[in-house]
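Read the structure below first, then the notes.
Just so you know, all these numbers are worked out from the coordinates, no wet-lab data involved. All values reported here derive from a predicted model rather than from experimental measurement. Because the Cβ atoms are built from the backbone with ideal geometry, glycine has one as well, and the counts that use them run over all protein chains shown.
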Amino acid sequence: MKEIEFKTATVSLRSDNIIEVHVNSNLLITKAEVTEIVDAIGLIGSYKKYPVLIIAGEYSLPDSNARPYLATPEANKYTIAVGFVIKNTAQKLMANVYLKIDKPLTPTQFFTSDTEAVKWLLGYL
């Protein structure tokens, strides 16, 4: 399995052809760190588009610059669809703001279970 590890996250290509981004816990993720993750998604996926599973670490959130950037075409240039797995109320509130205010162009769903997120993402392969 291909894998790239950063201080904020680990990016890997799963055997089911979903790219997984596992975000570490207790972080406020910056736009620069999101850009680093996007570049890793491109590298791991040979610069093709894939469904992306993002597993948010406990108490980790994007900052006020990173959140709107996540919805842009630039941040999704290697993404067919994004399934976020969230773990707490703060992340659920952020998810609602992201969907309603930032309005991502790429199909995006939030889940509380990895299994449900993967099931949804497999529909994009």
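Among 87/119; 77/103; 48/119; 49/87; 31/87, which pairs are too far apart, with a Cα-Cα distance over 24 Å? Don't jump to the answer; show the numbers that get you there.
On the way: 87/119 18 Å; 77/103 16 Å; 48/119 21 Å; 49/87 26 Å; 31/87 21 Å.
Those over the limit are 49/87.
If R₀ is 25 angstrom, what is the calculated FRET efficiency for the pair residue 103 and residue 14, using the beta carbon separation as r and rounding to 0.05?
0.35
Considering only DSSP beta bridges where both residues belong to the range 3-122, give the percentage that are antiparallel (nearest 5).
Beta bridges within the range 3-122, antiparallel portion: roughly 35 percent.
For a footprinting-style exposure proxy, rank 78, 47 by other Cβ within 10 Å, fewest first.
Listing 78, 47 from fewest to most nearby Cβ atoms yields 47, 78.
Taking the Cα centre of the range 3-122 as origin, work out the dipole magnitude from +1 charges on Lys and Arg Cβ and -1 charges on Asp and Glu Cβ, in debye rounded to 20.
On the way: 12 positive and 13 negative charges, 80 e Å.
In debye, rounded to 20, the range 3-122 gives about 380.
Quick one: the Cα spread of the chain along its three principal axes, in angstroms, biggest first?
31, 28, 25
Give me 106, 89, 72, 112 sorted ascending by neighbouring Cβ count inside 10 Å, so fewest comes first.
89, 112, 72, 106
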